[in-house]
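What follows is a short report on a single structure.
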Amino acid sequence: MPGPRDLRSARTPEDFREGVVTPNPLVSVIMPARDAEATLSEAIGSVQAQSVSSWELLIVDDASCDATRRIAEEHSIKDRRITVIASDVALGAASARNRAISIARGRFIAFLDADDLWMPEKLERQLDLMRRTGAALSFAAFVRQSDAGRERIKRVPNSVDYEHLLRGNVIGCLTAIYDSEKVGRKYMPEIPRRHDFALWLEIVKQSGPARGLNEILAVHRMHSHSLSANRLAATMDTWRMYRRCVGLSRWQAGRNLAAHLIQRLFR
């Protein structure tokens, strides 16, 4: 989907000539970034450390007020696989991701936020899983790390189908990879939250179960503003996503929301 006119790429068309940027990267990594100067370099480094080298990293600076854009552009100068897309107005995570997806050149679309990290074998392990199983969507276990340094492992099932996914999102966005050759170029609905959950549901409904790898392949760094203070708002966003994006009836949405909340108690 086309992006807003105020978006501009830090790269010129000439930068994509053969020998400067891989003409056909295997994976496009989508990274929205807003006021992420403290963590961005580490997140980028975890992509650069991947055992799979055929990737492009699309960083969308979402109207940052700090040095995020400068840091991203410095990295793009040193590594031509990195492209920076800048916006002078705040788009929000869904729109920022969609802008990057719209220009992605890789067959596989992967997601990593600017404050999260990947293990070096992350792409290799999941791409191998997708090749072996024919899955259009894969995901993996990861570690949730709080501001205070407390860690909790988020284990995942080997497979999840549409009906089970409706009852609770087991797919962490920082681990998700989808195959655009199998499902086409897919975008997230432009809602404040649960846009990633809505996309996984769309893909699984279309192409069958997503495959999970119960190996820790990423680190999700949680911040205090995203924890219990937003639980009620997150619940309401899940309800709205069920109704508006998935098209569930009130009864279906209520049943799945209840299952979703029960599942969260045991996470």
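The values are calculated or read from the model by the stated rules, or taken from the named source; none is laboratory data. The shown structure was predicted, so the numbers you read here are calculated from the model rather than taken from an experiment. Neighbour counts run over all protein chains shown; Cβ positions are idealised from the backbone, glycine included.
Within the range 65-81, if we keep just the residues that are of a type outside the set (D, E, K, R) and part of a helix (DSSP H, G or I), the residue that is farthest from Met31 (Cα to Cα) turns out to be Ile77. Picking from residues in the range 19-43 that are in a helix (DSSP H, G or I) and out of contact with any Leu (no Cβ under 7 Å at 6 or more places or on another chain), the one that is surrounded by the fewest Cβ atoms within 10 Å (Cβ to Cβ) is Ser41. For Met1, the criteria (1) modelled with pLDDT under 95; (2) closer than 24 Å to Phe139 by Cβ; (3) assigned to a helix (DSSP H, G or I) hold in every case but one, which is (3). Count, please, the residues in the range 144-164 that happen to be out of contact with any helix residue (DSSP H, G or I) (no Cβ under 7 Å at 6 or more places or on another chain), more than 25 Å from Ala259 (Cβ to Cβ) and in contact (Cβ under 8 Å) with a residue 40 or more places away in the chain. Counting residues in the range 144-164 that are out of contact with any helix residue (DSSP H, G or I) (no Cβ under 7 Å at 6 or more places or on another chain), more than 25 Å from Ala259 (Cβ to Cβ) and in contact (Cβ under 8 Å) with a residue 40 or more places away in the chain gives 2. Checked against (1) over 20 Å from Ala141 (Cβ atoms); (2) touching a residue at least 40 places away in the same chain (Cβ under 8 Å), Gly184 passes all but condition (2).
Set side by side, the residues Arg255, Arg152, Arg250, Arg244 differ, and just one is closer than 20 Å to Leu112 by Cβ and over 18 Å from the mean Cα position of the chain (by Cα), which is Arg152. Taking each residue of the range 26-49 that is within 25 Å of Leu127 (Cβ to Cβ) and looking for partners that are assigned to a strand (DSSP E or B) and charged (D, E, K, R) with beta-carbon atoms closer than 6 Å, six or more apart or interchain, yields Ser28/Glu56; Pro32/Asp62; Ala33/Asp61. When Arg105, Arg97 are checked against the criterion of being of a type in the set (D, E, K, R), surrounded by fewer than 24 Cβ atoms within 10 Å (Cβ to Cβ) and at negative phi, a single residue qualifies: Arg105.
Residues of the range 246-264 include none that is in contact (Cβ under 8 Å) with a residue 60 or more places away in the chain, of a type in the set (A, V, I, L, M) and within 17 Å of Arg144 (Cα to Cα). Taking Glu202, is it at pLDDT 95 or above, in a helix (DSSP H, G or I) and exposed (fewer than 15 other Cβ atoms within 10 Å of the Cβ)? The answer is no for Glu202.
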